[in-house]
Amino acid sequence: VHAALNLAKIHLMKNAADKAQEVLKLALVSNPNEPEIHLFLGAIQKESGNYEHALAHFHKVAMNDETNAFVFNELGECCMALGLAKQAEPFFAKAAKLDETNLQPKLNLGKLYYEKHRYDQAAVILQQWLDDSRDQIELEDGEIIEHTELLPTCNILADAYYKSKRLSKAKEIWKLS
């Protein structure tokens, strides 16, 4: 298993995802329940836009490890890419609960609530994301150096507050953005 994973990594470094998948699929024949192989195959499938297959591989990992926040977030992202927002929600919620330091599941869940016009819930989750992310954003002389998600997320958060009729909070966040 380790040799197959390392060989697949080498193929990926050489931009040969097809060869990496070949190696992993061969390893899967004799190790059908190996989570690391499924995790790696899921990541490759997701990267190539094959979300249904990625979903299947991530699901196998989640069945073996119900505490893997990364995998639950990946399941949610695959569901969203397939237009399965209802199925994505519990995956994002579980990922956010399992690892409160990982901000991506909170961001994904907040955006999902916003897209479903559940603005009160979107505001709560995105505000948590903003509060938590402030600790992780690099600052230089009080200025934000670079955080690609900050501006669009602040705008979604402000709009969620606005649509929830919490105008003072919307104004506060729009000033921040």
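The values are calculated or read from the model by the stated rules, or taken from the named source; none is laboratory data. Every value quoted in this text rests on a predicted model; they were computed, and no experiment measured them. Don't worry about glycine lacking a Cβ; one is built from the backbone with ideal geometry, like all the others, and counts go over all protein chains shown. Surface accessibility is based on the protein's heavy atoms, side chains included, excluding ligands, DNA and RNA. Shrake-Rupley method; radii C 1.70, N 1.55, O 1.52, S 1.80 Å.
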Problem - Check on ALA62, at pLDDT 95 or above and closer than 30 Å to ILE37 by Cβ - result: yes
Problem - So LEU107, is it free of Cβ contacts under 8 Å to residues at least 40 places away in the same chain, in contact with a Phe, Trp or Tyr (Cβ under 7 Å, 6 or more places away or on another chain) and more than 29 Å from VAL1 (Cβ to Cβ) - result: no
Exercise for the section: Being open to solvent by less than 30 Å² (accessible area, probe 1.4 Å) and within 14 Å of GLU47 (Cβ to Cβ) is the filter here, so list the residues in the range 8-29 that pass it. Expected result: ALA8, ALA16, ALA20, GLN21, LEU24
Exercise for the section: Can you run down the residue pairs with Cβ atoms below 6 Å, 6 or more apart or on separate chains, where the first is in the range 113-134 and closer than 14 Å to LYS165 by Cβ and at pLDDT 95 or above and the partner is of a type outside the set (Val, Ile, Thr) and open to solvent by 30 Å² or more (accessible area, probe 1.4 Å)? Expected result: TYR119/LYS163; ALA122/TYR114
Practice task
List the number of the failed condition for GLU66; all other conditions in (1) free of Cβ contacts under 8 Å to residues at least 12 places away in the same chain; (2) open to solvent by 90 Å² or more (accessible area, probe 1.4 Å); (3) over 26 Å from LEU103 (Cβ atoms); (4) of a type outside the set (Gly, Ala, Ser) hold.
Solution key: (3)
Exercise for the section: Output yes when any residue across the range 3-21 is of a type in the set (Asp, Glu) and modelled with pLDDT of 95 or more, and no when none is. Expected result: no
Exercise for the section: Would you mind stating whether ALA88 is open to solvent by less than 40 Å² (accessible area, probe 1.4 Å), more than 12 Å from the chain's Cα centre (by Cα) and touching a residue at least 24 places away in the same chain (Cβ under 8 Å)? Expected result: no
Fill in the blank from the handout: Going through (1) more than 26 Å from ALA4 (Cα to Cα); (2) open to solvent by less than 40 Å² (accessible area, probe 1.4 Å) one by one, LYS94 fails only at (2)
Handout entry: ALA20 vs. criteria under 27 Å from ASP132 (Cα atoms) and touching a helix residue (DSSP H, G or I) at 6+ places or on another chain (Cβ under 7 Å)
Key = no
Problem - Among (1) at positive phi; (2) open to solvent by less than 60 Å² (accessible area, probe 1.4 Å), the one test that GLY83 misses - result: (2)
Handout entry: Restricting the range 34-63 to residues that are more than 15 Å from the chain's Cα centre (by Cα) and acidic (Asp, Glu), the residue that is surrounded by the fewest Cβ atoms within 10 Å (Cβ to Cβ)
Key = GLU52
Completion exercise
Counting only residues in the range 149-176 that are modelled with pLDDT of 95 or more and aliphatic (A, V, I, L, M), the one surrounded by the fewest Cβ atoms within 10 Å (Cβ to Cβ) is identified as LEU167
